[in-house]
1. Using R₀ = 35 Å, calculate the FRET efficiency as 1/(1 + (r/R₀)^6) where r is the Cβ-Cβ separation of Phe17 and Ala42; round to 0.05.
2. I need the calculated FRET efficiency for the pair Arg489 and Thr53, taking r as the beta carbon distance and R₀ as 56 Å, to the nearest 0.05.
3. Got a sec to turn the phi values of the range 190-205 into Karplus ³J(HN,Hα) couplings, 6.51 cos²θ - 1.76 cosθ + 1.60 with θ = phi - 60°, whole Hz, x for Gly and Pro?
4. With Kirkwood radius over Cα pairs in Å in mind, check [x] 25.0; [y] 24.3; [z] 23.2 and report the label derived from this structure.
5. Where in the range 234-331 are there trypsin sites (Lys or Arg not before Pro) that are in a DSSP coil and have at most 14 other Cβ atoms within 10 angstrom of their Cβ?
6. Taking 0.36 nm per intervening residue step and subtracting the Cα-Cα distance, what contour gain separates His346 from Leu35 on full extension?
7. From the phi of every residue in the range 98-103, what ³J(HN,Hα) in whole Hz does the Karplus formula 6.51 cos²θ - 1.76 cosθ + 1.60 yield, where θ is phi - 60° and glycine or proline is x?
8. From the backbone phi of the range 225-230, what are the Karplus-calculated ³J(HN,Hα) couplings (6.51 cos²θ - 1.76 cosθ + 1.60, θ = phi - 60°) in whole Hz, Gly and Pro given as x?
Amino acid sequence: MTLTDRANLTRMRTVLFNSGWNMLGRIGPVAIAVLITPYLVAKLGLSRWGVLTIALSLIGTFGIFDFGLGRALTRAIAERISDGEDKESATLTLTGILTLGVFGLVGGGCAAFFVRIWVYNGLKIPVELQHETVVAMWVLCATAPLVMMNAAMWGVMSAYQAFRNANLLNIPISVLYYLAPLLILQVWNSLVGVMLMLALCRLAMTVGYAFICMRLMPTLLTARPSFSLLRPLFRIGGWMTISNLMFPILSYMDRFMIATVLSAATTAYYTTPFDVVARLSMITLAVSSTAYPAMAASWRKDTLTTITLYRNSILTVVCLLFPFCFLGSLFSQDILGFWVGPDFAHNSTVIMKYLSIGVFFFGIDTVAAGFLDGIGRAEINAILSIVEALLYAPFLLLFLHWFGVNGAAFVWAGRSIFDSVARITIGIRLYPTLSSVVRHLMPMALTGLGLLILSLPPTQNLLRIGIFLVGFPLFYGIIWMYAITQEERTSASHTLTHLWVSGRKSLSRGRMDG
């Protein structure tokens, strides 16, 4: 890899370009899934469909067995690429792939051992489906090594910012995850056939990832494993594992507490708007997953590039999230009323408003957390997650008793704000040059918070439209004035002027032709 190639990996244009590919890779398959799911449910029946959804969710649990090694591998390879250590990068990559493959083999074997016990004694399904389910689950467990090796190879592609190639492979295979089961059900109405199709999709992804990795890293063909290189990765990965374990605890604690303190039925008023706003995390993850390896590669040698990546990643996330959060908060009653009915909307409107605030700051927090991981301080994210859980639980309990289900949404929003402030503050302490960037981002964050708070009270439609028409340009005006540099404003002005002139010329030419 040349010096120019290495420099391109940390350019903001590269990160933004790859963020777009990551968003496409996440949103595209979801759209197909929405269309195909009703047909899958009809062909499988509710019992088989229920088993399939459980099985698919279990695939995500295989990630626990990587002990954070996949994300740590991304960071380590990104650093070595920036240092020009291509040979050591290949050695580390091969070692990581083999190690995670073994972990997947052990994890899948353990899961397969308990499948029969779980299906016959724990899972409440019709007796005639039990044997079919056991065999289908065994097929699923056999894919665990592939899942783990794919995680390692995704880390390599992330380090090289090869998200375009990765998503060009991911999108069709992810579509086949839904389409292939539907096709096999036409000739074989069995969960086993469905799982075999999913296993073939996973295998195709592994082969495709391997091909991309060898194209990116030709020295991988002659590399030899060296397991001593993994020792520092396990230290960082161990802390990342703690963060990974704490994330679902923090994510689902509110739902369990609502069901316990209030009622299971009340939980629906919370989870329905939550599931809507949670979809916006696709934007956040698309940007943060590309910024993380870039910051990991640049933080030691290029301070200016690092703080620019940090600033522009937050700017990108916030600029993309704000319209959805602002509209979702202002018009939550109308959105929910149209989607789930006015009675449901009456109970969930305030919840959606608070959650919109939380999602806005969750986007900022995700970039800040990625920065801490990128500079090798994963232990801070882990410790902060533990402290957060210890504080979150009692506050959640108190606010549920005092304010009902709306209190849970308020505390969740407060937690997101606390997270982002804490991680940004710690980031400045560890990397003082961030302070100038954060100072320019503060007006934007405070304006966004102020406008989202302004949208909380119930108002008439005309007033809400007025708030939006004033608030929307105000927010982006603050970004224009405070968050971007004079050079960026000049460049943006030239671009907008060029587009305006080109548009007018095209329009004039069209009129003349007509």
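Taken together, the values in this text are just the output of simple stated rules run on the coordinates, not laboratory data. Note that the structure is a prediction, hence the values are computed from the model and not measured. Here Cβ is always computed from backbone atoms with ideal geometry, including for glycine, and neighbour counts include all displayed protein chains.
1. Numbers: r = 40 Å, r/R0 = 1.14.
Efficiency, from the Cβ-Cβ distance: 0.30.
2. Values: r = 49 Å, r/R0 = 0.88.
Once the sixth-power term is evaluated, E becomes 0.70.
3. Computed from phi, the couplings for the range 190-205 are 8, 5, 4, x, 4, 5, 5, 5, 5, 5, 5, 4, 5, 5, 4, 5 Hz.
4. After the calculation, the listed value that fits is [x].
5. Arg279, Arg300, Lys301
6. Working: separation 311, 0.36 × 311 = 111.96 nm, distance 2.90 nm.
Gain on stretching His346 to Leu35: 109.1 nm.
7. Residue by residue, the range 98-103 yields 5, 5, 5, x, 5, 4 Hz.
8. x, 9, 6, 5, 5, 7
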